[in-house]
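Chemist: Handing you this structure, nothing more for now.
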Amino acid sequence: MDTEGGSSGLAKSAAVKLSEMGERTKQLGTAMKDPHQQRRIMLVIVCVALLLDNMLYMVIVPIIPDYLADLESEQSEHVHVVIHPNTSANSTSQAKSNKDNFDVQIGVLFASKAILQLLVNPLSGTFIDRVGYDIPLLIGLTVMFVSTCIFAFAENYATLFVARSLQGLGSAFADTSGIAMIADKYTVEAERSKALGIALAFISFGSLVAPPFGGVLYEFAGKRVPFIVLATICLADGVLLLTVIKPFSNRTRENMPVGTPIYRLMIDPYIAVVAGALTVCNIPLAFLEPTIANWMESTMHSTKWEMGLTWLPAFFPHVLGVYITVKLAAQHPNLQWFYGALGMVIIGASSCTVPACKTFGQLIAPLCGICFGIALVDTALLPTLAFLVDVRHVSVYGSVYAIADISYSVAYAMGPIVAGQIVHNLGFVQLNLGMGLVNVLYAPALLLLRNVCQMKPSYSERDNLLEEAPQGLYDTIKMEERRGKKKGYSSAGNCLPVDENGFDPFRAQRSLSEESSGPEYT
């Protein structure tokens, strides 16, 4: 009897625990369905994807040159023993030629990612506008996972080149769709700036932490371990995306409007100015990354650990710049152009002072200034792109953030190839002075954006941006839902009711009211 009683008690206890687990699972499922909770999880997924992409971009910096040098030395020794068993060494001129060829190979390998990303982005932006943001993000994560696995097990230059190029293909989908998804989900200006600022912080963290991360693991665990770790994180992020967002069952965007073609966005003068600023402000970072290590070694005789940690201190002023810009944008949204212009001036001044540094400690200050300025420009201008699309085009963001990605890719495609040639022909000092001057001279162009806030309503939603009456049942329902959530306009933003193009958002509301009071849709 005691045995039966004990068994009955265990069964009841197990049943209670199963019931509790079922209740918790149900609560978790309910939380996942909550739009605000799902939006936060979406932001985490996108930020992890951006972190991975930028870590993959920079993690190879301390690994691949050393690994390729070892491969080349092994091959040259083998050829040397077979063909010239009695000779001692190659001539000085041949050694110099081999070194130049090796440097070119490294530059092309580093640039191949940005070059392919540059070529694919016009297509990926259009694709994202047509199918939504979640499926392209999954495609990007899948391609990044494959490329990372290839990196881990590659044993020759050709395979590494394929892996690097595949990473560019994955980035063209993951980066663009991720940033566009944030702009689409966060429609209130202050929230959008904050969310994009968080994404930029993850981008910075990935870029600046990846070299020491890769160098330490490569030194103590071998070439494969850093890439296997990143591939595992990429796989987990993809599984989370499939579980939470469920891209293949999500049909909320089926009836959304077709986005403005990318070529029309490119000729928009306001978008063109922003895209040019994003390219120019990233040129110092893109050009210094492949050249500063050699300059540090030749001028200040820096150790390997100093060269490896060159950019790590700059992470903190970058995050500080993001935080400051988000706070200022919330209080004074009409000065976004000024924050970007100020950032470009800071970048220009910092770039010009880099060659004057004589020690590693002195070098940290201008590099921190460059990253602080980049944070100001990116955090101010990336939300501006969404605002411009909201007020001047259709509120679909794939193509406009493909243009932003193209802007970054132009700088990082030229950096590894062009920067070395400039240093070789003109010198490191001239390179930095030129980059600084270009940034300072471009800053006044952002004055063109000073009236952007006057061109748009104080919150960027599609309902009040339609110049015509709603097209079909879907537009009408969505507009009525949004009007129910937001009664009138927010007073923050100091925006005029009529933009310079003559568009009156209040007239759009009146058109909606007149149509909704007529015959109902059937």
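Chemist: Of the residues in segment 148-165, how many are surrounded by fewer than 21 Cβ atoms within 10 Å (Cβ to Cβ) and either modelled with pLDDT of 90 or more or in a helix (DSSP H, G or I) (or both)?
Modeler: Of the residues in segment 148-165, 10 are surrounded by fewer than 21 Cβ atoms within 10 Å (Cβ to Cβ) and either modelled with pLDDT of 90 or more or in a helix (DSSP H, G or I) (or both).
Chemist: Right, another one. Being open to solvent by 30 Å² or more (accessible area, probe 1.4 Å) and in a helix (DSSP H, G or I) narrows it down to one of Ile106, Ile128, Ile135, so name that one.
Modeler: None of the others qualify; the one that does is Ile135.
Chemist: So which residues in segment 167-210 are surrounded by 21 or more Cβ atoms within 10 Å (Cβ to Cβ) and either of a type in the set (Val, Ile, Thr) or without any contact (Cβ under 8 Å) to a residue 40 or more places away in the chain (or both), if there are any at all?
Modeler: Result: Thr176, Ile179, Ile182, Ile203.
Chemist: Condition first: closer than 27 Å to Cys453 by Cβ, in a helix (DSSP H, G or I) and over 20 Å from the mean Cα position of the chain (by Cα). Can you find one or more residues in segment 276-299 that meet it? Even if it seems obvious, please write down each step before you answer.
Modeler: Applying the first criterion (closer than 27 Å to Cys453 by Cβ) to segment 276-299 yields 276-282.
Now drop any that are not in a helix (DSSP H, G or I), which leaves 276-282.
Next cut, over 20 Å from the mean Cα position of the chain (by Cα) only: none.
Checked segment 276-299: no residue is closer than 27 Å to Cys453 by Cβ, in a helix (DSSP H, G or I) and over 20 Å from the mean Cα position of the chain (by Cα).
Chemist: Answer yes if at least one residue in segment 251-264 is open to solvent by 50 Å² or more (accessible area, probe 1.4 Å), at pLDDT 90 or above and among the hydrophobic types (A, V, I, L, M, F, W, C), and no otherwise.
Modeler: No, because not a single residue in segment 251-264 is open to solvent by 50 Å² or more (accessible area, probe 1.4 Å), at pLDDT 90 or above and among the hydrophobic types (A, V, I, L, M, F, W, C).
Chemist: What pairs come up if the first residue lies in segment 153-164 and is farther than 16 Å from Val143 by Cβ, the second is polar (S, T, N, Q), and their beta carbons are under 7 Å apart, counting only those six or more places apart or on different chains?
Modeler: Going by the 7 Å Cβ cut-off, the qualifying pairs are Tyr157/Gln105.
Chemist: Then there's this: Could you grab the pairs with beta carbons closer than 8 Å, sequence gap of 6+ or different chains, first residue in segment 403-422 and over 19 Å from Val120 (Cβ atoms), second one open to solvent by 10 Å² or more (accessible area, probe 1.4 Å) and basic (Lys, Arg)?
Modeler: So the pair list comes out empty.
Chemist: With respect to Gln430, determine if the residue is modelled with pLDDT under 90 and open to solvent by 10 Å² or more (accessible area, probe 1.4 Å). Give the steps one after another, and end with the answer.
Modeler: Values: modelled with pLDDT under 90: no; open to solvent by 10 Å² or more (accessible area, probe 1.4 Å): yes.
Considered against the rule, which asks whether it is modelled with pLDDT under 90 and open to solvent by 10 Å² or more (accessible area, probe 1.4 Å), Gln430 comes out as no.
Chemist: Assuming Glu297 fulfils every condition listed in (1) of a type outside the set (Gly, Ala, Ser); (2) at pLDDT below 90; (3) closer than 25 Å to Asp390 by Cα; (4) surrounded by fewer than 18 Cβ atoms within 10 Å (Cβ to Cβ) apart from one, which condition is it?
Modeler: (3)
Chemist: Follow-up. For Val394, are the conditions met, namely being surrounded by fewer than 19 Cβ atoms within 10 Å (Cβ to Cβ) and closer than 19 Å to Ile262 by Cβ? Step through it out loud before you land on a result.
Modeler: Numbers: surrounded by fewer than 19 Cβ atoms within 10 Å (Cβ to Cβ): yes; closer than 19 Å to Ile262 by Cβ: yes.
For Val394, the condition - surrounded by fewer than 19 Cβ atoms within 10 Å (Cβ to Cβ) and closer than 19 Å to Ile262 by Cβ - is met.
Chemist: Could you grab me the full set of residues in segment 153-199 that are of a type in the set (Asp, Glu) and under 17 Å from Asp390 (Cα atoms)?
Modeler: Listed by number, the residues that qualify are Asp184, Glu189, Glu191.
Chemist: Shifting gears a bit: Could you check, for segment 451-466, whether at least one of its residues is more than 31 Å from the chain's Cα centre (by Cα), surrounded by fewer than 19 Cβ atoms within 10 Å (Cβ to Cβ) and at pLDDT below 85?
Modeler: If we filter segment 451-466 for residues that are more than 31 Å from the chain's Cα centre (by Cα), which is where we start, we get none.
Looking for residues that are more than 31 Å from the chain's Cα centre (by Cα), surrounded by fewer than 19 Cβ atoms within 10 Å (Cβ to Cβ) and at pLDDT below 85, one finds none in segment 451-466, hence no.
The values are calculated or read from the model by the stated rules, or taken from the named source; none is laboratory data. Not measured: the values here are computed from a predicted model. Cβ atoms come from the backbone with ideal geometry, glycine included; neighbour counts cover every protein chain shown. Keep in mind that these areas ignore ligands, DNA and RNA; they rest on the heavy atoms of the full protein, side chains included. Shrake-Rupley method; radii C 1.70, N 1.55, O 1.52, S 1.80 Å.
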